[in-house]
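Reviewing the structure listed below.
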Amino acid sequence: MEVTTQPSIDPLARAAFATDRTAPAARRLRQPSFPVALAAMLAVGLLVLPVTLVANWAGGYRYRPLAEAIALRAPAAATDGVTPAGPRELKKLEAETQKLLTALDRRTPRAPYVVVDRTNNLLYLRKPSEVMLAAVCSAGSGSVLKDPAGNRTWVFDTPRGQFKVISILEKPAWRKPDWAFIEEGEPIPKNPADRIEYGMLGEYGLYFGDGFLIHGTLYERLLGRNVTHGCIRLGKQDLREVVKATRLGTQIYIF
Amino acid sequence: MRRRLLDVLGCAGRAVRAASVRGRGLAAIGAIAAIGAIAAFGAIASPEALRAAPVGAAPAGATAGDETATSRAAAAVAAYNESLRQQLELAQGDAFYLLLDPEASVLTLMYKGAPLRETRIQRAELGEPRARRGVGEREPVDLRALWTGGTLQPPRIDVREEVIPPPLAGASGDEAGSEEGSTTAPQGEFLEGSEDGDAEAGEEPEPVEVEIPKLPEELYPVPLQYEIRFAEGLTIDVVRGESVEPAVPAPAANAIRSAADGEAKAYPPAPGPTLWERLARFARRVTLAMPEGERARLRLVIDPLDADRLFRSLPPDVKLLIRTPAPPR
């Protein structure tokens with residue numbers, strides 16, 4: 001009897017033999033060459049980049065003049081859900097327009113008034129449609145002083161809002177409050193007369209309430225900087241012009 | 001419910017079929033349908049129905065063109081009146097507001113009806129997204145509405161320094177109006193120069209050396225581009241334009257500021273958005289996402305000096321009204 005035997009190959013050896021046969025191809029797939037990889041990256045980049053740029057452009061805005069945009073919408077709004085109106089209704093509406101314009105006009109100051117921009121340190125003397133004087137001033141520094149001896153805290157802000165001239169002083173003298181001494185490290189005088197300081201506030205002072213004043217200064221080189229404790233300082237010439245144009249009751253707007 | 005409906009339909013179907021067998025049911029149904037159609041047509045075609053339906057249609061006795069023009073004129077006047085009413089309401093209120101006039105190209109800061117500062121606008125534009133975003137139709141925004149709660153983005157940081165005083169040497173005197181925990185410092189009292197005071201006030205005291213504080217340009221650097229965002233979804237993009245004479249003339253006393261500085265110099269703008277903010281903005285654009293809560297966007301191109309001043313001095317929670325132009329007469 002003829003016995004045919006297969007060649008005795010160890011299974012592990014067979015597997016190794018099989019692996020060896022396929023290994024070079026698998027290695028080529030898992031580890032592409034550098035030029036191929038570079039080409040692939042460039043291709044992806046060239047594909048993604050324009051898409052991103054287009055998407056970035058599409059995500060932006062298209063601008064057109066606001067006046068034109070409002071005008072384009074107005075005719076549509078005029079007939080959109082509006083009941084028909086005759087000449088009588090139109091006259092009624094026009095009469096209402098006049099009433100509203102008159103009411104608005106009453107709200108607008110007629111006499112010159114003072115406007116203070118406390119952040120940019122600018123003061124304007126103006127009327128509604130005309131600026132008569134634009135001056136550099138100094139407003140409150142916004143700094144904070146705490147009394148080391150007690151619970152008192154002072155914030156040196158110029159207040160925001162609408163005020164009016166309550167009194168006009170010539171060569172005003174200043175009766176200093178406590179913080180003026182605490183800030184300098186000086187003892188607070190018991191005699192009230194020792195609190196008074198002369199000549200520091202210029203030729204005039206426009207008092208507008210709550211202890212605030214528009215006044216002159218010795219430190220004109222500091223004008224334009226937030227340096228005061230809340231009052232508003234002006235140069236000598238500008239102060240004269242403001243005082244000439246204002247009177248008791250003149251409105252002061254501070255923002 | 002559905003079952004009952006199906007039962008009813010089933011009965012009706014059986015009835016029709018039964019009637020049609022005899023040949024008379026269908027004719028009856030057809031007749032009923034014809035009568036119904038004629039009645040419906042009559043209702044639609046009646047003069048009353050024709051008159052009631054269209055909006056802005058001419059009433060009887062006038063030409064269609066005249067009445068449409070009158071209606072349009074009335075609507076324009078009504079819109080203008082509404083704008084005036086809003087202005088009056090703002091003038092009666094207690095808040096600062098901006099009045100934007102696209103025709104005159106002016107943005108005015110106002111308070112209680114008084115114009116405080118005009119800012120000339122070089123260009124005012126309405127922005128529309130280039131690509132449609134989101135799903136569904138966006139409802140049109142009424143620009144003439146009142147916009148409230150305006151805040152700066154990036155926000156302006158208010159600089160507050162604390163003054164460290166030297167220790168007090170003496171006992172405290174009278175209060176002079178200061179209270180515990182007070183905020184804005186009262187300035188004391190002011191007297192007119194008396195006879196005694198005149199002798200002392202005659203000579204001006206010598207100014208003492210003081211530390212020179214920073215200018216507003218140094219305290220509040222302004223970004224090259226900033227936004228004013230309103231609570232109702234309007235964003236105003238403020239862009240620096242060409243440098244021209246500002247709406248309000250620069251004060252001649254600017255020379256004093258220069259003297260304090262020494263030579264005039266340019267102040268650097270505030271640092272721009274961080275890398276993360278830039279990436280977030282880019283991602284939003286690329287994915288066509290709208291900034292959160294934004295419904296409309298305006299762009300204002302302003303003189304650089306005016307743009308800087310607006311940033312520094314814009315009151316908090318400012319309101320905005322876009323003025324409706326007066327109708328032509």
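The values are calculated or read from the model by the stated rules, or taken from the named source; none is laboratory data. As the structure is a computational prediction, the values presented were derived from the model and not from experiment. For the accessible areas, the whole protein counts, side chains as well, though only heavy atoms, and no ligand, DNA or RNA atoms are used. Shrake-Rupley method; radii C 1.70, N 1.55, O 1.52, S 1.80 Å.
Solvent exposure of B:Arg281, expressed as accessible area, is near 120 Å², computed with a probe of 1.4 Å over the protein chains only.
Which value, in Å², gives the accessible area per residue of segment A:151-255 when a 1.4 Å probe is used on the protein heavy atoms? Mind dumping the intermediate values first?
Details: 4050 Å² over 105 residues.
Per-residue accessible area for segment A:151-255 comes out at 39 Å².
Of the whole protein surface, A:Arg233 contributes about 40 Å² of accessible area at a 1.4 Å probe radius. Rolling a 1.4 Å probe over the protein heavy atoms leaves A:Leu239 with an accessible area of roughly 0 Å².
Computed over protein heavy atoms with a 1.4 angstrom probe, the accessible surface ordering of A:Met41, B:Met110, A:Met132, largest first, is A:Met41, A:Met132, B:Met110.
Among the lysines, which have Cα under 17 Å from the Cα of B:Lys214 when same-chain residues fewer than 8 positions away are ignored? Those lysines meeting the cut-off are B:Lys265. Using a 1.4 angstrom probe on protein heavy atoms only, the contact between A and B buries about 10700 square angstrom of accessible area, both sides summed. Here the accessible area of segment A:95-210 is 47 percent carbon and sulfur, with a 1.4 angstrom probe and all protein chains present. Of all lysines in the structure, the ones whose alpha carbon falls short of 17 Å from that of A:Lys91, not counting any fewer than 8 places away in one chain, are A:Lys99.
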